[in-house]
Amino acid sequence: MDLEQLFTQNKEQSLQGRYITLEDIEPLLKKITANNQLEIIGKSVLGNPIYKYQIGTGKTKILLWSQMHGNEGTTTKALFDFLNVLNGHSELANKLLHSFTFCFIPMLNPDGAKLYTRENANKVDLNRDSQNLSQPESKVLRATFESFKPDFCFNLHDQRTIFGVSNTGKPATVSFLAPAYNDAREINESRLKAINLIAGINDVLQQYIPGQIGRFDDSFNINCIGDTFQFMGVPTVLFEAGHFPNDYLREETRKYIFMALISSFLILSENDIVINKFDKYLSIPQNNVIFYDFMYKNIKINYDGIEIITNFAAQYKEELVENQICFNAYVVNIGELDDYFGHFEYNAEGALYSDNKNNIPKLNQKADFYLNNSLKIVNGLMIS
Ligand SMILES: [Zn+2]
């Protein structure tokens, strides 16, 4: 199957970039609904609707939710690309709808999506609330889980640009985890199903993004939703959409999430998860915090007459300004930073740092500066 072509044909063009809100997805949901497939299953803290969209008649039941963290919209984009496949009346669509019943919650945290925050409007991280169920959004997800009785859960997230694949210097463009269900991180039948599925997805994705797939840390935390559902005996897979070079809007990563979704259901429909692939799963390198957005090397800094050659790093903060996400670069670390990479790296070869302040880079200062009084860097990037 040509997954590139399938993506191009089904990409939901109306969803773009990092800021995905209820206003973006509501018209799409209303367009594709027929036969009561769309349902409001609850309200957020601020009273916004939480939608569920159900499609398919197959016996294997799949529950998928995205934007539990409001500022993580990449997988929502991929879900709508996938929904276009399911609603496309193709042979593939028929096959998938025959094998599966899909239950989508494409924006669990609409308030956080609007505010562009990880947390909900009460500033609670819903992915730490799966035992307390203190928030309306957590209750909605749990109630859907209990009534739908899924055979598999897909827990869809974005991860920050700081993650790389082990220490290879490659970004973790997509990461996966079969969450643990106990402290000992044992493998039982249901966790093994998630493990085998991830190993299968990894085989496919490696063809497109070799070396850019990571395995998330599997420390057990029952307050996390994936760990709870795994504990409750339902195989659960965590998807993390991450950084692809020069793709801060995550339009490229969106494609790989789409490919991972399609691959998942082909693998499951062919029942290709019965062979123990634990070793293959373990061979996916672990995620590692190893990247900054910007790394400037061999910069000369004049500290009160003492000149030092050192390195420093800057990182984008994603700031919501007038309904747009602005990527603003700030200095976040100064020093050797030997073990770190930059998505953007520049070797200044001893050029002197200066800025319009104290001529010394300071933490949390905007990455606006000069090198040798001639090269100008604005918001992290060279402009002259
Ligand atoms: Zn998340």
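The values are calculated or read from the model by the stated rules, or taken from the named source; none is laboratory data. It should be emphasised that the depicted structure is a prediction, and the values quoted were computed from it without experimental measurement. All Cβ positions, even for glycine, are placed from backbone atoms using ideal geometry, and neighbour counts span all protein chains on display. Surface accessibility is based on the protein's heavy atoms, side chains included, excluding ligands, DNA and RNA. Shrake-Rupley method; radii C 1.70, N 1.55, O 1.52, S 1.80 Å.
Do we have any residue at all in the stretch 59-66 that's more than 18 Å from ILE32 (Cβ to Cβ), outside any loop (DSSP other than H, G, I, E, B) and within 16 Å of the ligand (Cβ to nearest atom)? Scanning the stretch 59-66 turns up no residue that is more than 18 Å from ILE32 (Cβ to Cβ), outside any loop (DSSP other than H, G, I, E, B) and within 16 Å of the ligand (Cβ to nearest atom). Which one is nearest to the ligand (Cβ to nearest atom), of the residues in the stretch 164-186 that are closer than 24 Å to LEU64 by Cα, open to solvent by 10 Å² or more (accessible area, probe 1.4 Å) and in contact (Cβ under 8 Å) with a residue 40 or more places away in the chain? If we take residues in the stretch 164-186 being closer than 24 Å to LEU64 by Cα, open to solvent by 10 Å² or more (accessible area, probe 1.4 Å) and in contact (Cβ under 8 Å) with a residue 40 or more places away in the chain, then LEU177 is nearest to the ligand (Cβ to nearest atom). Taken over the stretch 224-256, the criterion of being aliphatic (A, V, I, L, M) and either over 28 Å from SER130 (Cα atoms) or in contact with a helix residue (DSSP H, G or I) (Cβ under 6 Å, 6 or more places away or on another chain) (or both) is satisfied by ILE225, VAL237, LEU238, ALA241, LEU249. Screening the candidates LYS77, LYS52 for the property of being buried (at least 18 other Cβ atoms within 10 Å of the Cβ), under 20 Å from SER147 (Cα atoms) and at pLDDT 95 or above yields one hit, LYS52.
Listed here are the residues, each with its yes/no results for (1) open to solvent by 70 Å² or more (accessible area, probe 1.4 Å); (2) assigned to a loop (DSSP other than H, G, I, E, B).
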site	(1), (2)
GLU319	no, no
CYS326	no, no
ILE334	no, no
ASP338	yes, yes
GLU345	yes, no
GLY350	no, yes
TYR353	no, no
ILE360	no, yes
ASN373	yes, yes
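Please work out if GLY342 is on the phi > 0 side of the Ramachandran plot and among the small types (Gly, Ala, Ser). Spelling it out, it is not the case that GLY342 is on the phi > 0 side of the Ramachandran plot and among the small types (Gly, Ala, Ser). In the stretch 289-307, the residues that are within 11 Å of ALA348 (Cβ to Cβ) form Cβ pairs under 9 Å with partners that are open to solvent by less than 10 Å² (accessible area, probe 1.4 Å) and of a type in the set (Val, Ile, Thr), at six or more places apart or across chains, as follows: TYR296/ILE377.
When you look at ASN221, is it within 16 Å of the ligand (Cβ to nearest atom), at pLDDT 95 or above, open to solvent by 10 Å² or more (accessible area, probe 1.4 Å) and in contact with a helix residue (DSSP H, G or I) (Cβ under 7 Å, 6 or more places away or on another chain), yes or no? Yes; evaluated as a whole, the condition is true for this residue. Restricting attention to the stretch 145-163, the residues that are under 24 Å from LYS277 (Cβ atoms) and within 14 Å of the ligand (Cβ to nearest atom) total 6.
When restricted to residues that are outside any strand (DSSP E or B) and surrounded by fewer than 17 Cβ atoms within 10 Å (Cβ to Cβ), the stretch 261-308 contains 14. In the stretch 71-87 there is at least one residue that is of a type in the set (S, T, N, Q), part of a loop (DSSP other than H, G, I, E, B) and more than 21 Å from SER134 (Cα to Cα). Going by what's in this entry, would THR8 be described as over 30 Å from SER134 (Cα atoms) and more than 16 Å from the ligand (Cβ to nearest atom)? Considered against the rule, which asks whether it is over 30 Å from SER134 (Cα atoms) and more than 16 Å from the ligand (Cβ to nearest atom), THR8 comes out as yes.
For the stretch 226-267, enumerate the residues that are more than 16 Å from the ligand (Cβ to nearest atom), of a type in the set (S, T, N, Q) and farther than 30 Å from HIS343 by Cα. Answer for the stretch 226-267, where residues must be more than 16 Å from the ligand (Cβ to nearest atom), of a type in the set (S, T, N, Q) and farther than 30 Å from HIS343 by Cα: just GLN230. Is it the case that LEU96 is part of a loop (DSSP other than H, G, I, E, B), surrounded by 21 or more Cβ atoms within 10 Å (Cβ to Cβ) and touching a residue at least 12 places away in the same chain (Cβ under 8 Å)? No; evaluated as a whole, the condition is false for this residue.
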